[in-house]
Each structure stands twice: as structure tokens, then as C-alpha cells.
Amino acid sequence: MCCDFLREDKILNIKKIIFIGLLIFFHWADISAQKTVVFSKDTPSNRHLRTSGLLKKIADSSTLYTRLELLTEQCHAAGYPAFSIDSVSELANHWAVFCYMGPYYGDALIRVPDSARIHIDGNTLNYLKNNAIRLTDYSTFAEKVIMRHENNGHPFCAVSLQDVNLAQDTAGTLCIEPGPVVTYDSVIVRGTAKLKGAFLRPYLSWRRNKKYNERSVSQIPERLSRLPFVSVVREPGVEFVGNRAFLYLFIDRQRVNSFDGYIGLVPVSDATGQVAVNGEVNLNLQNLFTIGERISLQWKAPERYSQFLNVAVEFPYLFGTPFGISGSFILDKKDTTYLNMNYLVALQYSFSGNDDLRTYFQYATSSVLSVNPDYIVALDTLSTDYRKAMYGIQLNINQLDNMMQPWRGVSAQFDLSAGTRTLLPSAKVPLTLLETSELKTANYILKGRIAGYVPIGKRWGWAGGVLGAPQFGGPAVYNDLFRTGGPRTLQGFDAQPIYASTYLIATTEFRLRFAKLSYINLFFNAAWYERNVAGAYASDWPFGFGVGATFHTKAGDLYISYALGQQHDSPISFKTGKIHFGMNVRF
């Protein structure tokens, strides 16, 4: 037996030695494949070689030529306008580069006549001294002048030198030809995607008769990639006809409308044979009317006599403007305890892309259906009738590379609302239990959410986020508390929400992507919350962790996860692990 253990130990050591040897070999092979750069004619200064990265070893020609282009720009700006790369040869141990430095003209000037002076403004004026600019500044100066004109309606601006004579102190004369003023015209869609110009023009900042802006045009591919209901077939193009610019988009329809859920029948009484309906349904529809609208419906029946319904609609960019409207209706019935009704209507202003600012009005009512007669025992779940009117402002930021399954970017939401809540007298709940003499009180709610996605190499990625909210003003009642948690925000626990007057939830996870939209993830989430109702205080620090996987198919996304959780000082047990499995069908 002892010999067997010794033999296994030796085998394990041999495996370690082989593994370390392979690592050293591959590392050496990678280093040996890299080559130094040797200049065989003129040699630029060490400062330029260092800043352009040519003092380091280089493994491939693509990297070499990129760094040589940077070196050329630096030498031109340093007063060597004739500098050029004549030839490049790859030898066994190094790259041989032949270049020509040319004479130094660092003190030469370029005369700026009045015909060019009228086209110079903004930060380009800093280069102008005594109606002249330095020859070494010409490259940077010309680039800024062209960029400024391209972003102000002159896409064909040209900057050149006339009467060039490097042997003189004044080496030439500056010439600026701004070209004609070009304005936007139409947006033309090529592909299966159906989108009206009333949505596309304000979304892409392409408003008819607006001056051409090259910076805005260069952002169009990124903005298109953030539309979940289209896929970009090829890069967009701009056609200039006379003084008008026509934008061509090559986009196809993307299946983003989704449906998932289940419906079940649960026996209520064996004697009577009565059954109750429970389950969950999630429906999300986008761009049905080709104006970028969103319609969603969520229904839940988690337990007997309980119902939850959330219907929301959003119409951005109405009538070709950045203004839009949105609204929602929420019905929340908690078994036989209470019934909440919540109405919200918002006016929104969309910035570029998917960022927007909203102002809204929210009206809510609540009715107590029945109460526990033993108020002393049930103070922490004490509910009462109320009505509430709130005015709020909400900022939404969305800079994700993919709306459905992001891999890079950040999204955030900040919400602040204020209003009044009025407690209504009820025969079921004596208001004396709330320890207050004021029926109408001010109410303030602050909500925040931020999520980030960072790629780590080609296949690994990190995702994390924080969300939370406190509410202030007036006594807290159970049927007006936040309802948070659940498998979408706090994995490792039952689907029942956490009732809290203040909460904070943080998540972090690492993802290993084995396909473009499929990955395996390791996650950890933790929360802190408190509930203070009628003087009955409770708080906890629940946390959960686990592993999951998401598989992208033609029909939609299939996801499964296994998570363990700990709350109320209960021990972590594999027997209480939670398995979540679902299919998000898209059509």
C-alpha cells in the first residue's frame, strides 16, 4: 500500500515537471518568434523610436508597419518633412528597415494669406502667429482645420501648400478650400428591416437640411449596433449628390420579440376538486409599428390568490422629434391581504442612441382586503389603505455593444421622485397602530442601478452591477414597501420577493464564452435590506453563489443555473440549492 502511494506521488511530480516544461517551451517559442528592428541607413532619434514602439521586439509585419507609420508622422512633425521609409526586409533574426531622414526644417514658416485666414477659427487660431504657422505644425494644423470643416457642413475641405521652397525661411503659402456646403437629405434602407424615417432620422441625428457632420456620421455604425431589432449587414454609406447627402443603411430584421413562461393548475381542495391557476408569462414586443416602440407584459401568479400584472408601452421619437411618451400599469394582489394599483405616464427626451431623460407622474392606490386580528404579532406586515401621487425624473444611460447579450459597455438608471401619500381611514386597520397623527405626509424615493461589462481576452469576460433604493417620509406600511430580489437579481433563493424599506444588491460574475452569444458563468450576489414597519424592525445580509450557462439557438436563449444561498443565519446546504431553467423564445 505504501509503495502504491509513493508511486502515485512520483507520477504526480512527473506530470508537474512536464506541465512546467511545456509552459517554458511555449513561452520561449513565443519570445523567439519576435524580432528586433534594425535601421540600415539613416536612423531616427531614440526618442522617436521609443515613442513609436520600434525599440521593442516585433512578431509580425502588420505590427511593424503600424509602428513605422507612427514613426513617419512623428518625424514629419519634428521638422523632417522629407522623411520616408524606402524598404523593409525580414531576415532571420531582425527586420531591416531602410529610411531617408532628409534635411531639418524645424525653423521654417508657412505664410497665411487673408484668403486662408478667414477659414481659421476655434482652437486652430493657436497655431497662427504673425500671419504664419510653423512648418512642423502644418500636419497637425491641417488635420484640425479639415476636421473642423467636416463637422460644420464642408466634407470636401482641402488644405494644401503653394509656392513651396524649403530653402527659404518662408517655405510656402497656405491654401484652404472649404468646398461647398452640404446638408442632409434622406435615409434609404436596404435590407429586410422595416423602420420609418420618423424614427431613424432623430435616432441617428440625421435631420433633413441639417449641415453635414462627419463626427456624427462616423458614430452611425455604433448606434445601429445598439438597436436590438436590427442586424447590420454591411457598413452604412453616404452618397453625395450636388449639395445633398443621402445615407444608405444595410440592415436586416433581427428577431427580438420574446415570449417565455409557464401556466399550471394547483389543487385547492381535494373535497371540492377546486383548482387555482399559477405560473408566469413574459411577453416583449419591439418595433411592430416600425417606429422603434416597445411593448411588454409580465404576469405572475406565484401562490394561491396572488396575482401580479405589469403592462408597459414606450413610443420614442414621436413625429420625427427626440420627444416620446411612455406609460405603465401595475396590478399587485397579495393573496387576501391587499390589492395595489399603480399608474405611470412619462414624457421623455432621447439623446443620441438609447440615452434618454424622462419626467413622469405616478398615481398609486392600495386597498386592504383582510388583516390578521393579532396586530401585535403582525406589526411587521401591517398594511393600510392609501393613495399616493408622485412626480419624478429619470435618467437612462445605455452604452452596451449588444442590447440582448452585452459583452462590453455600461448601462445605468437614476430615478428621483417626490410627492405625497395619504393614509385612508379603514375599519379593518386602526390608524393608531401606525403611531402617527398625520394622514397626509411627504414621500421621497431615490432609485439607482448601474451595470458594467468588461471583456478579458477573447473568451473571458466580467459582468457586475449594483442596484438599490431608499424611501423617506411618513410611516412605512407593508403594502407600500419595495419588492425586490428573485432569481433575476438575487440568485440562490425562492422566487418570492423581499419586502424592504431600503435595499442594496450587488452582483459579480465571470463568463467564459464558447460561442458568440453562448457562455458559462460563475456568479456571486449579495444584498442588504431593512424593513421598518410600525416600529417593527428587521434586516438581513443574504448572499448567493453558483454556476450557470446560456445557450443561444435560432429559437432563442436557453439558460440554466444552480445556486446556493444563505440568509437569516441559516447554514448553506446543497439540499436547498436552487435550479433555474428556462427558455426565452424569440420571434
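Listing for the model above:
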read-out	value
Region 209-259, subset over 20 Å from L400 (Cβ atoms) and of a type in the set (V, I, T), residue surrounded by the fewest Cβ atoms within 10 Å (Cβ to Cβ)	V241
Failed criterion for D86 (all others in (1) assigned to a strand (DSSP E or B); (2) open to solvent by less than 60 Å² (accessible area, probe 1.4 Å) hold)	(2)
Out of S61, S52, sole residue that is among the polar types (S, T, N, Q), in contact (Cβ under 8 Å) with a residue 12 or more places away in the chain and buried (at least 18 other Cβ atoms within 10 Å of the Cβ)	S52
Enumerated strands (runs of 3 or more DSSP E) restricted to region 293-358, each holding at least 1 residues that are of a type outside the set (S, T, Y) and in contact (Cβ under 8 Å) with a residue 60 or more places away in the chain	323-334, 338-350
Residue under evaluation C75, criteria (1) in a helix (DSSP H, G or I); (2) farther than 30 Å from V38 by Cβ; (3) not hydroxyl-bearing (S, T, Y), criterion not met	(2)
Of all residues in region 413-428 being buried (at least 17 other Cβ atoms within 10 Å of the Cβ) and not acidic (D, E), the one that is nearest to T337 (Cα to Cα)	L423
N521 vs. criteria of a type in the set (S, T, N, Q), over 30 Å from L382 (Cβ atoms), under 21 Å from the mean Cα position of the chain (by Cα) and surrounded by 16 or more Cβ atoms within 10 Å (Cβ to Cβ)	yes
Residues located in region 559-581, provided they are within 18 Å of Y519 (Cβ to Cβ) and of a type in the set (S, T, N, Q)	S561
Top-ranked residue of region 99-152 - restricted to ones that are over 27 Å from D86 (Cα atoms) and charged (D, E, K, R), ranked as surrounded by the most Cβ atoms within 10 Å (Cβ to Cβ)	E150
Single match in T192, T170 (criterion: within 27 Å of the chain's Cα centre (by Cα) and open to solvent by 20 Å² or more (accessible area, probe 1.4 Å))	T192
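The values are calculated or read from the model by the stated rules, or taken from the named source; none is laboratory data. Quick caveat: nothing in here was measured; it's all calculated off a predicted structure. Note that each Cβ is placed from the backbone with ideal geometry, even for glycine, and that neighbours are counted across all protein chains shown. Each accessible area value is taken on the protein alone, full model and side chains, heavy atoms only, with ligands, DNA and RNA left out. Shrake-Rupley method; radii C 1.70, N 1.55, O 1.52, S 1.80 Å.
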